[in-house]
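Participant: Once you've had a glance at the structure underneath, I'll fire off some questions.
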Amino acid sequence: MINTLRNKINEYFVGKEAVVEDILVCLLAGGHVLLEDVPGVGKTMLARTLAKSIDCSFGRIQFTPDTLPSDVVGLSVYNMKTGEFEYREGSIMHQIILADEINRTSPKTQASLLEAMAERQVTVDGINYELPGPFMVIATQNPVEFLGTYPLPEAQMDRFMMRLSIGYPESTDEMQMTRNYLEGKTVEAVTSVCTAEDILNMQEEVRRVYVSDGLLGYVQNIVESTRKEQRFVMGASPRATLLMVRAAQAKAYLSGRDFVKPDDVKAVAVNTLHHRLTLTPEAKIHKENLDGILKSLLLQVRVPVE
């Protein structure tokens, strides 16, 4: 089923198999994704294709400076006939959420997503409302426009399992993409290959993927190395450790195994860590590359051999 799902998404989202793989890792691990790239490379199409492929409800929130928290989580409206307040759902009440241009809205509205991302619920007027499962937030932001934007704080960046960049397609892939467009093979034509219940079952199977104590120590050593690295303002959080382990479980599951190998950890380490780390001013002056530093740290940490 997971291979069929992977092939279905790649059929419509052409030439970005690695990005699709990472999106599926986050989906099966129960995490959220931040897509940071220039406009027009298919961020919205990827989210919609994923939602239609797994037969899940899709909600898009177009963030602007005047978007209010109530637009996201909903609000209570007084019903004059019954004399009671009724909850009106916000845009968050869907299974796959596209938070488009999340850095264009105010910090207060950005913060309205935190409870939903962490606890799969929203609180309106003291009452908790459960979100439908599987629940996943795919947020996008444009890294080259800074006018009128509100950069995400570290606490909110830490809630995302991965930050991914799609990038421009290869020339042959762009030709195929154009051919699909001319033939009407767009996201509206995507058919589902599984159900939301199937995804929930696979998420439960991912949680049962075996992780040895040696692998847990390996992940902890990787995170610890970021805390000792002088070129980072601060190291990765304990949440990074937990999410890296879960992502490695999902990576092993996608590879058809019920146990985690060091290669699974290496495959997800950079994408789960780089948005949680910030270079020091001195490192920026020397034009250090954050991903390059992370890759060098991975080479220094001893790999368990058992």
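Laboratory data are not the source of any read-out in this text; all were calculated from the coordinates shown. Bear in mind that the values here come from a model prediction, so they are computed numbers and not experimental data. When we count neighbours, we look across all protein chains shown, and the Cβ atoms used for this are built from the backbone with ideal geometry, even at glycine.
Participant: Which value in nm describes the separation of the simple spin-label points at residue 115 and residue 207, placed 7 Å from the Cα toward the beta carbon?
Facilitator: 2.3 nm
Participant: Given the options 92, 127, 54, state which has the largest fluctuation in a GNM of the chain using a 10 Å cut-off (strictly under) for Cα springs.
Facilitator: Of 92, 127, 54, the Gaussian network model singles out 127 as fluctuating most.
Participant: In sequence order, what are the phi-derived ³J(HN,Hα) couplings for segment 64-75 according to the Karplus relation 6.51 cos²θ - 1.76 cosθ + 1.60 with θ = phi - 60°, rounded to whole Hz, with x for glycine and proline?
Facilitator: 9, x, 9, 5, 9, x, 5, 5, 8, 9, x, 7
Participant: Can you pull the one-decimal nm distance between simple spin-label points at residue 84 and residue 149, each 7 Å off the Cα toward Cβ?
Facilitator: 4.6 nm
Participant: Mind putting a number on the dipole of the chain about its Cα centre? Charges go on the C-beta only, +1 for Lys and Arg and -1 for Asp and Glu, and I need it in Debye to the nearest 20. Could you put the intermediate results ahead of the total?
Facilitator: Details: 32 positive and 40 negative charges, 117 e Å.
Dipole size: approximately 560 debye.
Participant: Using the Kirkwood radius over C-alpha pairs as Rh, can you work out the diffusion coefficient of the chain via Stokes-Einstein at 4 °C, viscosity 1.567 mPa s, in µm² per second? Can you show the working numbers first?
Facilitator: Numbers: Rh = 20.6 Å.
Stokes-Einstein gives a translational diffusion coefficient of 63 µm²/s.
Participant: Looking at 94, 32, 255, which one has the Cα that reaches farthest to the positive end of the dipole of the chain (charges on Cβ: Lys, Arg +1; Asp, Glu -1)?
Facilitator: Checking the options against the dipole of the chain, the answer is 255.
Participant: Taking 22 Å as R0, compute the FRET efficiency from the Cβ-Cβ separation of residue 305 and residue 227 and round it to 0.05.
Facilitator: 0.35
Participant: A follow-up question, please. I want to check the label-to-label distance for residue 220 and residue 181. Put each point 7 Å from Cα in the C-beta direction and report it in nm to one decimal.
Facilitator: Going by the 7 Å Cα→Cβ label model, 5.1 nm.
Participant: Within segment 190-293, which GluC sites (Glu not before Pro) sit in a loop by DSSP and count at most 14 neighbouring Cβ atoms inside 10 Å? Display every interim value, and only then the final one.
Facilitator: Working: sites: 197, 204, 205, 224, 229, 282, 288; in loops: 229, 288.
In loop regions of segment 190-293 (DSSP not H, G, I, E or B), the sparsely surrounded GluC sites (Glu not before Pro) are 288.
Participant: Assuming 0.36 nm per residue, please report the length gained on full extension of the stretch residue 129 to residue 66 beyond their Cα-Cα distance. Show your work: numbers first, answer last.
Facilitator: Numbers: separation 63, 0.36 × 63 = 22.68 nm, distance 2.44 nm.
Here the answer is 20.2 nm.
Participant: While we're here: Report, in deg cm²/dmol and to the nearest 500, the calculated mean residue ellipticity at 222 nm for the chain, where each DSSP H run with n ≥ 4 adds -39500 (n - 2.57) and the sum is divided by the residue count. Mind dumping the intermediate values first?
Facilitator: Numbers: 14 runs with 140 residues, N = 306.
The helix contribution divided over the chain gives -13500 deg cm²/dmol.
Participant: Now for a separate question. What number do you get for segment 208-300 when its Cα radius of gyration is normalised by 2.2 N^0.38 Å, N = residues?
Facilitator: On the way: Rg = 13.7 Å, N = 93, 2.2 N^0.38 = 12.3 Å.
For segment 208-300, the normalised Cα radius of gyration is 1.12.
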